[in-house]
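To keep things clear, I will list the structure first and then write my remarks on it.
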Amino acid sequence: MIPEIGHLALILALAMALAQGLFPLIGAHRGIPSWVAMAKPAAQAHLLFMLVAYGCLTYAFLVHDFSVAYVAHNSNTQLPTLYLISGVWGAHEGSLLFWALTLALWTGAVTFFSRSVPQVMVARVVGVMGLVSVGFLLFMLLTSNPFDRLFNPPAEGRDLNPLLQDPGLAIHPPMLYMGYVGFSVAFAFAIAAMLGGRLDAAWARWSRPWTSVAWVFLTLGIVLGSWWAYYELGWGGWWFWDPVENASFMPWIVGTALMHSLAVTEKRGAFKAWTVLLAIFAFSLSLLGTFLVRSGVLTSVHAFATDPARGVFILLFLGVVVGGSLLLYSWRAAQIKSSVKFQLVSRETGLLLNNVILVVTACSVLLGTLYPLMIDALGGGKISVGPPYFNSVFIPLTVPLALLVGVGALLRWKSDDAAALAVRLLPHLLISVVAGFGLPLIFAPSFSWGAVLGVFLATWVLFTTLQWLRERAGAGRGLWQALRSTPRGGWGMVFGHLGIAVFVLGVALTSIYSTEKDLRLEPGENYSLGGYDFLFEGVDVTQGPNFTANRGRVVISRDGAHVATLHPEKRVYAVQRMPMTEAGIDAGLFRDLFVALGEPLGEEGAWAVRIYHKPFVRWIWLGGLFMSLGGLLAASDRRYFKLARKARLTADQAAAGATA
Amino acid sequence: MKARFLIPLGIFLVVVVFLAIGLTKDPRDVPSVLINEKAPEFVLPDLLDPEKQVRSADMRGRVWLLNVWGTWCPECWREHDFLKYLAKSEGVAIIGIDWRDERGEALAFLRNKGNPFLAVGFDPDSQAIMDWGVYGAPETFLIDKKGFIRWKHTGAITSQLWREELKALMQRLEAES
């Protein structure tokens, strides 16, 4: 009964999404106020039905209703409650339901938090999002219904993929989807602005906080995914350039470019057509990511079970949404007249360079991701493009970006004095060069040009960013007063850019100074790596809720002093019989010690053991957290709320004037 | 309308064409360099009786399938029933290699679900498998009378595959001397 209610709720949500898509858009076009007014109630009803549908599927998981095919395939009575809840989005159908729910949530949020935006604009935004929802709901109902029943329900479910039975992975997809889908808001604002023919600074101001929040979610999602891959896959890596990782990374890069470009459009009225294109591009890449994951065109550890009908549907959908938007763009963008001028040395130029580099980076990642597919399509055989391509393209592109990050913020709008800028920057350049050579020479086990570059770039970003804060002081203001008067948006920029410094340092030092060793260890045997002694004490068998595990014991000491005892595990999950590695990790701010259990070797209790010493690996994720914090601060800047209040006041006054 | 604003649309359409072609291809279907090469020899302990050995050389003069499987591989479970059908009703000779597995698990699996294999080599440490270029299970090779690999399939063998491809090929190879 409950699954049927869920199914019905999905169909009703589709009806609501249709109403939400058609009436406001036509109403706004023809000037019919009652049709425009349908946007909000339709969107909220759509959200309500999505919540009901989602609740029904969650309920089916919680009560182990194996007559629902999706539950039978992805759940088990032995599964802990946390994974019953996260299992809902653990495979194709449920994650699609989650995608659609997220879209409804964002739309609902737009209807609640857009009082400062003219009603017609909100109606168009909600309408565009409604049409996107229609596509996803149709996709679900036609090809991937999560409520499909089994005629002979099995007594026991097939269990959730053991890779997904992990707290980090339970929250990774929701974060990622919130980010992916969040870009639909910026996209809808861009389309709405084009439909209304008003591509001015206003739409940029309205969509800025939305873009920042979506970007924060996406950043957190990617950081969580990277962290999960690090401790769960047992390879000690943190990024693999897997097609699906790239699918989440490309919208992130373009979203980053969009945030910066929106700032120029809002503050200076420049880059109007370009910003619209980026908004379309960011959401298109989110949709492309969905296509790549679910259509089976590329091999990946993340790929869902594939079905050609699904691929065809998403490709059609992608063609309609992106093709339609780009057609509209080619028509509207040609009408924009930009009269804004700026000099070569100016903040506009800095942000333009930022955009160019980011978009080129996104395009090269896209090229690398699609290259195997294109070669195959052209009859060139199967190839795979691995980390060598991406690293050799990505690193040269990020170096100029890091060089520019802090400097761009120091430049004035319109025009700045190049000579004066050089004087302001010279001390920081000297400090960074000294730090770049000095720190690796003093602290590092060996000299490396890569480490020099990494430390130099991190120091440079750090000091140029702090310089921005320092320059806010002066002109009669003390430093403290200047810091206090810095708006949230400014702090957002500072934390975002400091995040880059932290990230660059982490990446450089981890990739250069990490050491690893594959060993055969017998109980009682000792091995020394990176100044730490690893004592292998053997392996016991333990029992988990739905798995049995071989649990190793490794005692780590340094100069005789105990550092940590690690318990790497090799698990076999009862139902899917899939062996899983749980690494033992001793985490630290400056280094991680990482032990993964391989296979048993021989009769004397010897095991293959892999140990790693990874300096500064945490800084990679710490950098991501800093960036997210920056995004949150920027999105919560007071001026967005002030605007909202002002708009409300004028609306109230107008209403009062009308009644008086 | 200025032409330069049509550029993004043009690029997008090209990408869509490639994606559409990509949909018609299977990325997992990596052709083996071993096709029409001499099959690598292997000697493995017998899964059912560790005292005995399974040798590829013993199959000389026959057309046979080598099926790589493991109890940890859900796709192999799905394939198993069809392999039994092939062995029983179609008289296909199948040698299995139980890969990266535990002996107890594998024995219990065959006891419960039936055994389609003439013999099963036990290869927990990927000793023999390495030479065959196997990187996932299930994977199946077709070897002719002279010991050459003539066909290979990654993923489960299905009745459709058997009808449309494998059956005719095996009949042709049987006719070869």
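The values are calculated or read from the model by the stated rules, or taken from the named source; none is laboratory data. Small disclaimer: the values here were computed from a predicted structure and weren't measured. So basically every Cβ, Gly included, is an ideal-geometry build from the backbone, and we count neighbours across all protein chains shown.
With respect to the stated conditions, A:Leu509 is out of contact with any helix residue (DSSP H, G or I) (no Cβ under 6 Å at 6 or more places or on another chain) and either without any contact (Cβ under 8 Å) to a residue 24 or more places away in the chain or not hydroxyl-bearing (Ser, Thr, Tyr) (or both). Scanning the stretch B:97-113 for residues that are in a loop (DSSP other than H, G, I, E, B) and under 19 Å from the mean Cα position of the chain (by Cα), which turns out surrounded by the fewest Cβ atoms within 10 Å (Cβ to Cβ)? Looking at residues that are in a loop (DSSP other than H, G, I, E, B) and under 19 Å from the mean Cα position of the chain (by Cα), I get B:Arg100. Does A:Leu519 count as buried (at least 16 other Cβ atoms within 10 Å of the Cβ), without any contact (Cβ under 8 Å) to a residue 24 or more places away in the chain, among the hydrophobic types (A, V, I, L, M, F, W, C) and more than 30 Å from A:Thr398 (Cβ to Cβ)? Against the criterion (buried (at least 16 other Cβ atoms within 10 Å of the Cβ), without any contact (Cβ under 8 Å) to a residue 24 or more places away in the chain, among the hydrophobic types (A, V, I, L, M, F, W, C) and more than 30 Å from A:Thr398 (Cβ to Cβ)), A:Leu519 does not qualify. Among the numbered conditions (1) more than 10 Å from every other protein chain (Cβ to nearest Cβ); (2) modelled with pLDDT under 90; (3) over 25 Å from the mean Cα position of the chain (by Cα), the only one that A:Thr349 does not meet is (2). Taking the conditions (1) hydroxyl-bearing (Ser, Thr, Tyr); (2) touching a Ser or Thr at 6+ places or on another chain (Cβ under 9 Å); (3) within 13 Å of chain A (Cβ to nearest Cβ) in turn, B:Tyr85 satisfies each one other than (3).
Can you find a residue in the stretch B:32-43 that is at pLDDT below 85, assigned to a helix (DSSP H, G or I) and within 14 Å of another protein chain (Cβ to nearest Cβ)? For the stretch B:32-43, residues at pLDDT below 85, assigned to a helix (DSSP H, G or I) and within 14 Å of another protein chain (Cβ to nearest Cβ): absent. Just one of the listed residues (B:Leu107, B:Leu118) is more than 14 Å from chain A (Cβ to nearest Cβ) and out of contact with any Cys (no Cβ under 6 Å at 6 or more places or on another chain), namely B:Leu118. The condition (being more than 14 Å from chain B (Cβ to nearest Cβ), out of contact with any His (no Cβ under 8 Å at 6 or more places or on another chain) and crowded, with 18+ Cβ neighbours inside 10 Å) is satisfied by just one residue among A:Ala409, A:Ala402, A:Ala422: A:Ala402. On the given criteria, is A:Leu57 buried (at least 21 other Cβ atoms within 10 Å of the Cβ), more than 20 Å from the chain's Cα centre (by Cα), over 28 Å from A:Trp203 (Cβ atoms) and modelled with pLDDT of 95 or more? The answer is yes for A:Leu57. Among the residues of the stretch A:547-577, those that are touching a Phe, Trp or Tyr at 6+ places or on another chain (Cβ under 6 Å) and either basic (Lys, Arg) or more than 14 Å from chain B (Cβ to nearest Cβ) (or both) comprise A:Val554, A:Ile556, A:Arg558, A:Arg571, A:Arg577. Evaluating B:Ile94 against the criteria (1) within 30 Å of A:Leu315 (Cβ to Cβ); (2) touching a Phe, Trp or Tyr at 6+ places or on another chain (Cβ under 9 Å); (3) surrounded by fewer than 21 Cβ atoms within 10 Å (Cβ to Cβ) leaves one unmet condition, (1).
When residues in the stretch A:526-558 are screened for being part of a loop (DSSP other than H, G, I, E, B) and farther than 28 Å from A:Leu589 by Cα, 3 of them pass. Entry remark, the stretch A:109-149: residues being surrounded by fewer than 21 Cβ atoms within 10 Å (Cβ to Cβ) and either touching a strand residue (DSSP E or B) at 6+ places or on another chain (Cβ under 9 Å) or not hydrophobic (A, V, I, L, M, F, W, C) (or both) number 8 in total.
Applying the condition of being at pLDDT below 65 and facing chain A (nearest Cβ under 7 Å) to the stretch B:18-30 and asking which residue is farthest from A:Gly379 (Cα to Cα) yields B:Arg28.
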